[in-house]
1. Please go through the range 144-158 and give me each residue that is in contact (Cβ under 8 Å) with a residue 60 or more places away in the chain and under 23 Å from ARG113 (Cα atoms), ordered by number.
2. Given the structure, is ALA179 surrounded by fewer than 20 Cβ atoms within 10 Å (Cβ to Cβ) and either in contact (Cβ under 8 Å) with a residue 12 or more places away in the chain or outside any loop (DSSP other than H, G, I, E, B) (or both)?
3. Exactly one condition in (1) in contact (Cβ under 8 Å) with a residue 12 or more places away in the chain; (2) within 30 Å of ALA167 (Cβ to Cβ); (3) of a type in the set (Gly, Ala, Ser) is false for ALA138; which is it?
4. Which of (1) of a type in the set (Val, Ile, Thr); (2) under 28 Å from ARG237 (Cα atoms); (3) in a loop (DSSP other than H, G, I, E, B) does THR116 not meet, given it meets every other one?
Amino acid sequence: MNGGVLVSVRDSEEARAALAGGAAVIDVKEPRHGPLGCAAPETVAAVGRAVAGAVPWTVALGELADGPAALARRFDDVVASLAGATPPAAVKVGLAGMNRLAWERDLATVFARLGTATAPVAVAYADHEVAVAPDPRAVVAAAARLGCRWLLIDTADKSRGSVMAGAAAASLAGWIDAARRARLPVVLAGSLTLDDLPAAVAIGAALVGLRTAVCCGGRLGVVDEGLVRAAVTAAARARRCSAVTAGADPRPT
């Protein structure tokens with residue numbers, strides 16, 4: 001799942017548009033239900049069938065504050081709806097409202113329910129004070145202990161604009177560096193624009209997660225193939241430039 005653009009979709013038609021545009025990862029969520037809103041199991045299953053193994057696909061399960069039992073049931077419902085189709089490569093769980101609570105224990109309970117084919121992904125909110133979520137460095141440490149294979153850095157409050165322009169922008173590079181030292185590749189999301197991609201790549205994001213930037217009509221609009229293609233091109237250009245700046249071989253491996 002390393003490199004390229006992750007596109008969050010809300011149904012199978014959007015998944016097909018994102019695939020046609022060259023997305024490296026398809027993520028299923030329902031943005032009306034929050035930053036990590038869980039889509040209906042039948043919707044998730046339809047996306048999984050539309051992707052059909054072409055690229056990895058992931059699922060947002062929601063917030064841990066909904067309760068570990070509720071999240072585990074959501075995952076079980078998704079698996080049941082898949083009826084033998086390729087399971088999601090990863091599942092994401094948010095930590096809004098969980099600061100100062102026993103969130104690591106509850107997160108472990110949810111992750112223990114996942115099958116071996118599905119990787120656990122912890123979510124660090126850049127606007128953690130607003131989200132009443134744990135500090136991202138604490139999430140990095142817990143994610144490493146819990147065997148997560150990825151870390152998602154996102155924003156809880158989408159009304160505040162891009163994570164690259166927010167109050168936490170100066171801290172992003174340090175959080176990403178901490179994750180990399182813990183051997184956790186980072187997906188960076190949070191209302192990123194195409195203009196943000198060079199900076200996102202430069203600070204070490206392994207993947208950039210997009211929705212608003214690739215939708216006609218904003219976050220609650222519809223994923224557009226052409227906008228996805230433009231984002232994929234912009235991300236690839238940013239990676240080539242970053243490789244040249246770092247003195248690496250910019251050619252694909």
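All of the numbers you see were taken from the coordinates with simple rules; none came from a lab. From a predicted model like this one, the values you see are computed outputs, not experimental measurements. Quick reminder, even Gly has a Cβ in these numbers, built from the backbone with ideal geometry, and neighbours come from all protein chains shown.
1. Answer for the range 144-158, where residues must be in contact (Cβ under 8 Å) with a residue 60 or more places away in the chain and under 23 Å from ARG113 (Cα atoms): TRP150, LEU152.
2. Working: surrounded by fewer than 20 Cβ atoms within 10 Å (Cβ to Cβ): no; either in contact (Cβ under 8 Å) with a residue 12 or more places away in the chain or outside any loop (DSSP other than H, G, I, E, B) (or both): yes.
No, not satisfied.
3. For ALA138, the exception is condition (1).
4. Of everything listed in (1) of a type in the set (Val, Ile, Thr); (2) under 28 Å from ARG237 (Cα atoms); (3) in a loop (DSSP other than H, G, I, E, B), THR116 misses just condition (2).
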